[in-house]
Amino acid sequence: MKKMILFAAAIMMAFGASAQMSLVKDLAKKAGSGNPQDLMEVLQNIEPAFTNPESANDVLTWVTAGKAAFALYDELYKMKLMQQPVDDTMMNQVLSGAYEYYMKALPLDSIVEMDKKTGMPKLNSDGTKKVKTKYSKDIIGALTSHMGDIANAGNVYLQNSDWNNAADAFGNYADLAVSDFAVKNGVAAPDSTLAQVRFFQAYSQYQVQKFAEAYDNFTKARKLGYTDNNIVDFQTSSLANMVQGMLDKNEYDKANNFIDNALKGDPMNGTLHDIKGFTVELMNGVDAALPFYRKATEVDPDYANGFFDVGRCLYLQAQKIIDDNPNATNKELVPKIKPIYDEAIPFLQKAAALNPDDTKAKNVLDDILYKFEVMGVK
């Protein structure tokens, strides 16, 4: 009985797969239609084939969906040019779907060449089967000819603060622009364009707190020569948020190693040195962190937080001496702590001058001056 049930189930599965592929073949005939209604029906009806194991692994499924989606986008674009009412959001969603369908089709588009006489697969010189493609030329043509449309969709999403879709569209364009087939067909984007696109991709990801992805794309943009729109600040802030997430999970070694790798590529970034100091301070204390805070002020003399952190750490060193010697007199303490406070004061003053709206440096300075007054230091 059990065998019969399994056999029946296998028949049903085979029937389901066969039905899906039959549906795909029928829809493929309509995918080249210039009728928007027909094309929308193709896209709606083909969805079950995306999850059926057999049809999901058949290139025709994704070719049909991609062909219909690109054709529908083109028809909607024509309508827009003729000033007919068009839903821009839907049009761009169709374009995004077309890209995804064709990108899934490309790796599936491989057919083993058969010898007509023997009926056996043809072989390469190394013994592997010869493979040819059936749809790739048309797929690549559609993708490359719509690169500008994909970039424009990113701009529309960006203007509407639709951050996730903007990031996806800019990422799709950038990936296309560096693909082997774009290079081969002479449509690869210049570095200046690609750098700007990567920045806006990262900026969109930053807005929805996808800091790891944002950091990666800000880094790509900088390597391509992008220097506008405070990119260094955005890149560093992305990294800081990533590191904070690691520290919140007590992943100190992971955070430390990540910062070290970042510093290798950007050694003159004062904020990175300051973040390194903060991480080391959590791991090993103030004394171990102080050199990294000092380095932050050396590489960036205008970085207020670096100067504050140096002054703060020196202040804490002096405070530890006071706490460790509860019975010491002011006369005994002054020679030990005054040199430390004297060193801290100019760093705190510089921090206050660089960022007058932030009162934390002034508060520490006031406390040092109060202690000097109490101890009789002039």
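Bear in mind these aren't lab numbers, they're just calculated from the coordinates by the rules spelled out. This structure is a prediction, so every number in the text was calculated from the model and none was measured. Glycine gets a Cβ as well: all are built from the backbone with ideal geometry, and neighbour counts include every protein chain shown.
Step through the table entries LYS132/LYS210; LYS25/LYS117; LYS210/LYS362; LYS78/LYS184, compare each Cα-Cα distance with 31 Å, and write down the pairs that go over it. Please report the intermediate quantities before stating the final value.
Working: LYS132/LYS210 40 Å; LYS25/LYS117 28 Å; LYS210/LYS362 35 Å; LYS78/LYS184 29 Å.
Those over the limit are LYS132/LYS210; LYS210/LYS362.
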**Item:** Structure-derived log10 I(q)/I(0) by the Debye sum over Cα atoms at q = 0.07, 0.10, 0.14 Å⁻¹ - corresponding label in [x] -0.55, -0.83, -1.18; [y] -0.43, -0.73, -1.16; [z] -0.32, -0.65, -1.23
**Value:** [x]
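Given only helices, namely DSSP H runs of n ≥ 4 each adding -39500 (n - 2.57), what is the per-residue ellipticity at 222 nm of the chain, to the nearest 500 deg cm²/dmol? The partial results should precede the final answer.
Working: 18 runs with 280 residues, N = 378.
-24500 deg cm²/dmol, from helical runs alone.
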**Complete:** The FRET efficiency for ASN241 and MET120, from their Cβ-Cβ distance with R0 = 51 Å and rounded to 0.05, is 0.30
**Request:** Work out how much length ASP366 to THR193 would gain on full extension: take 0.36 nm times their residue separation and subtract the Cα-Cα distance, in nm to one decimal.
**Result:** 57.2 nm
**Request:** Towards the positive end of the charge dipole of the chain, with charges on Cβ (+1 Lys, Arg; -1 Asp, Glu), say which of PHE347, PHE70, TYR370 has the farthest Cα.
**Result:** PHE70
**Complete:** Under the 7 Å Cα-to-Cβ spin-label approximation, GLN93 and ASN261 lie apart by a distance in nanometres of 3.7 nm
**Message:** Only four residue types carry charge here, +1 at the Cβ of Lys and Arg and -1 at the Cβ of Asp and Glu. Report the dipole size of segment 45-184 about the Cα centre in Debye, rounded to the nearest 20.
**Reply:** 780 debye
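What's the exposure ranking of ARG312, ARG222, ARG198, going from fewest to most Cβ atoms within 10 Å?
On the way: ARG312 22, ARG222 19, ARG198 26.
Arranged by neighbour count, lowest to highest, ARG312, ARG222, ARG198 become ARG222, ARG312, ARG198.
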**Fill in**
Farthest towards the positive end of the dipole of segment 77-188, among GLY127, ASN164, LEU95 and with Cβ unit charges of +1 on Lys and Arg and -1 on Asp and Glu, lies the Cα of GLY127
**Message:** Please give me the summed charge of the neighbours of VAL374: other residues whose Cβ is under 14 Å from its Cβ, Lys and Arg +1, Asp and Glu -1.
**Reply:** +1
**Fill in**
In nanometres, the difference between 0.36 nm per residue of separation and the alpha-carbon distance of ASN327 and LYS25 is 99.7 nm
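When Lys and Arg each count +1 and Asp and Glu each count -1, what net charge do the other residues less than 15 Å away from MET120, Cβ to Cβ, add up to? Let's see the in-between values first.
Numbers: positive: LYS116, LYS117, LYS122, LYS129, LYS130; negative: GLU113, ASP115.
Net charge in that neighbourhood comes out at +3.
Between GLU113 and GLN37, take the C-beta separation as r, use R0 = 30 Å, and let me know the FRET efficiency to the nearest 0.05.
Details: r = 39 Å, r/R0 = 1.30.
Result of the calculation: an efficiency of 0.15.
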**Cα→Cβ-extended label distance, 7 Å offset, between GLN84 and VAL374, nm** = 8.2 nm
**Item:** segment 30-103 and segment 287-364: distance between their alpha carbon centers, rounded to Å
**Value:** 63 Å
**Prompt:** In degrees, nearest 10, range 0 to 90: what is the angle between the Cα axis of helix 304-324 and the longest Cα principal axis of the chain?
**Reply:** 50 degrees
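Exposure proxy check: TYR73, TYR370 ranked by fewest other beta carbons within 10 Å? Working shown, then result.
Values: TYR73 25, TYR370 10.
The order, fewest Cβ neighbours first, is TYR370, TYR73.
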**Message:** Which aspartates and glutamates, if any, have their Cα less than 17 Å from the Cα of LYS338, not counting same-chain residues under 8 positions apart?
**Reply:** ASP323, ASP324, ASP366, ASP367, GLU373
**Dipole moment magnitude, nearest 20 debye, the chain about Cα centre, only Lys, Arg, Asp, Glu C-beta charged** = 1320 debye
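Out of the trypsin sites (Lys or Arg not before Pro) in segment 236-271, which ones are loop residues according to DSSP with at most 15 other C-beta atoms within 10 Å? Present the calculation step by step, with values, prior to reporting the outcome.
Working: sites: LYS249, LYS254, LYS264; in loops: LYS249.
Hits after loop and neighbour filter: LYS249.
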**Asked** Which of SER22, ASN241, MET283 sits closest to the plus end of the dipole of the chain, meaning its Cα is farthest towards the positive end, when Lys and Arg get +1 and Asp and Glu get -1 on the C-beta?
**Response** SER22
